[in-house]
Amino acid sequence: MIYFDNAATSNPKPPAVLEAIATCVRERGGNPGRGAHRLSLAAAETVYTCREAACTLLGAAAPEQIVFMPSATYALNAALWGLVHEGDHVLYSELEHNAVMRPLYALRAARHISLERFRVIGLDDEAILQDIAHRIRPDTRLLVCVHASNVCSVYLPLARIGALCRAHGITFVVDAAQSAGHLPIDMAAMQIDALALPAHKGLLGIQGCGVLALAPHVMPAPLVQGGSGYDSRAHAMPPSLPERLEAGTLPTPAIAGLLSGIGFVRSLGLDEIQSRVKTLFLAARERLETLGGIQIYQATHAGAVLLFSHSTRSATSLARSLDKAGIAVRAGLHCAPLAHAALGTPEGGAVRVSFGPFNTLQEVDALWQALKA
């Protein structure tokens, strides 16, 4: 099957990633931090080496600031529930995924916070900054936004947003689910306080592992309590990172896969990956524009995600037809109804084509031929 659903999870995985996972299970199968025997120590070494690699990739302050979690969604929940307090005013963008919005809605009910959305679509970076600045209030405590949208190839100006947040004492939380492995990220330079990302998308690992990277001055309250392999007599979670937020056994095989995926991304280079997906986007846009009834959203923003709809056929119908032709895409609202509303897609959403580093121009041609048919 031709796979154009990399925004959901990357496929295929590099062979080195699969081998790293298998080797971890075979040779490093102990529980990290839960024993002094060689298998536990070997697992702990894998975990710490991955912390170091992620720290370097993301521009974090230290490996201990890299916290492993079951997913990016879990990491976003941990950041938001751990940093938002009673009555806070929180800003968010109109492109947010439900991994951000549903925790915010729950916090509004539980902690009586107030929420305000800032605009992105149709605005340049300067206008986005002005829109945010206009909405900042004395009680604004946190701003959360995506780095790259999961429904189109719009990127937010993180460094400028981070500087604005820092100037006003606002905690800055970033969802990097679509940008990690595609775009450069430097937490220090971008003044990001909390950064959430998955292993299984742009970093080419497998499901079951996410990362919450934190600035040194940020310490969320624990979302989950449990064993940490540290100070077992204490009634509370440990006071320091990463153990404070890592309750329970870590997914060591998935972490091994993430470590290998980071290595693959760094060896290939972010510039090369971005060049590949932009080339595919531009080729797909050129071909789709020759077909009648097709509308491409944010067509001038070239990147890993292309979103389109048809004037007479539903997104679901198109995706099913493409599946029969051996092409995997995703139809609907993509867990981001606010983004679709901002883009003006049909009620049933649109078709998302999302590229990865292993897709080819021949596959784009096959997509075009299938849509023509």
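So with the 1.4 Å probe, I'd like the accessible area per residue for segment 106-148, rounded to whole Å².
Accessible area per residue: 49 Å².
What is the distance, in nm, between label points placed 7 Å from the Cα along the Cα-to-Cβ direction at Asp323 and at Ala167?
So the label points at Asp323 and Ala167 sit 4.9 nm apart.
With everything on Cα atoms, drop me the angle between helix 315-324 and the longest principal axis of the chain, reported from 0 to 90° to the nearest 10.
Compared with the principal axis, the helix lies near 90 degrees.
At 0.36 nm per residue, and after removing the present C-alpha to C-alpha distance, how many nm does the segment from Arg108 to Thr300 gain when stretched out fully?
Additional length available on full extension: 65.5 nm.
Based on the Cα gyration tensor of segment 286-373, what are the three equivalent ellipsoid semi-axes, each the root of five times an eigenvalue, rounded to whole Å and given largest first?
Ellipsoid semi-axes (Å, largest first): 19, 15, 13.
Using a 1.4 angstrom probe on heavy atoms only, work out the carbon and sulfur share of the accessible area of segment 235-373 in %.
On segment 235-373, the fraction of accessible area on carbon and sulfur atoms equals 51 percent.
Assuming R0 = 25 Å, can you tell me the calculated FRET efficiency for the pair Gln207 and Thr279, based on Cβ-Cβ distance, to the nearest 0.05?
Once rounded, the FRET efficiency stands at 0.35.
Report the label-to-label distance for Asp186 and Ala22 in nanometres (one decimal), using points 7 Å from each Cα along the Cα→Cβ vector.
3.9
Which option, (1) 19.7, 66; (2) 20.9, 68; (3) 22.8, 75, is the value of Rg and Dmax of the Cα atoms in Å that was calculated from these coordinates?
(2)
What number, in nm² with one decimal, is the all-direction average of the projected area of the convex hull of the alpha-carbon atoms of segment 243-335?
One quarter of the hull surface, i.e. the mean projection, equals 9.6 nm².
Averaging sequence separations of C-alpha pairs under 8 Å and six or more residues apart, then dividing by the length of segment 28-123, give the relative contact order as a whole percent.
18
Return the FRET efficiency for the residue pair Arg135, Glu286: r is the Cβ-Cβ distance, R0 is 45 Å, and the value is rounded to the nearest 0.05.
The computed FRET efficiency comes out at 0.75.
With a point put 7 Å past each Cα toward its Cβ, work out how far Ser311 is from Asn98 in nm, to one decimal.
Spacing of the two 7 Å Cα→Cβ label points: 3.2 nm.
Kindly express, to the nearest 10 degrees and within the range 0 to 90, the angle between helix 38-58's C-alpha long axis and the longest C-alpha principal axis of the chain.
50
Full-extension gain between Ala127 and Leu115, please, as 0.36 nm times their residue separation minus the C-alpha to C-alpha distance.
Gain in length upon complete extension: 2.3 nm.
Taking a ≥ b ≥ c as the square roots of the eigenvalues of the Cα gyration tensor of segment 65-210, is the shape rounded (a/c under 1.5), prolate (a/b larger than b/c) or oblate?
Because a/c hits 1.5 or more and a/b fails to exceed b/c, segment 65-210 counts as oblate.
Once you have a ≥ b ≥ c as the square roots of the Cα gyration tensor eigenvalues for segment 26-147, tell me rounded if a/c is under 1.5, and otherwise prolate or oblate according to whether a/b is larger than b/c.
prolate
Given springs between every Cα pair under 10 Å in a Gaussian network model of the chain, which of Ala299, Ala43, Ala236 has the largest fluctuation?
For the chain, modelled as a Gaussian network with Cα springs under 10 Å, the answer is Ala236.
Starting with the highest mean, order 187-195, 49-57 by the number of other Cβ atoms within 10 Å, averaged over the residues of each peptide.
Top to bottom by mean Cβ count within 10 Å: 187-195, 49-57.
For an R0 of 56 angstrom, estimate the FRET efficiency from the Cβ-Cβ distance between Met219 and Gln369 and round to the nearest 0.05.
0.55
Measure nothing but the geometry: give the 0 to 90° angle between the long axis through the Cα atoms of 125-135 and the longest principal axis through the Cα atoms of the chain, rounded to 10°.
60
Can you give the convex hull volume per residue for the Cα atoms of segment 140-256, as a whole number of Å³?
122
Counting only protein heavy atoms, what percent of the accessible surface of segment 1-125 is carbon or sulfur at a 1.4 Å probe?
55
Would you pull out the residues with amide H under 5 Å of Ala7's amide H, same chain only if 5 or more places away, H placed 1.01 Å from N?
Under 5 Å from the amide H of Ala7 lie the amide H atoms of Ser354, each far enough along the sequence or on another chain.
The values are calculated or read from the model by the stated rules, or taken from the named source; none is laboratory data. Every value quoted in this text rests on a predicted model; they were computed, and no experiment measured them. Don't worry about glycine lacking a Cβ; one is built from the backbone with ideal geometry, like all the others, and counts go over all protein chains shown. Remember, those area values only see protein heavy atoms, side chains included, never the ligands or the DNA or RNA. Shrake-Rupley method; radii C 1.70, N 1.55, O 1.52, S 1.80 Å.
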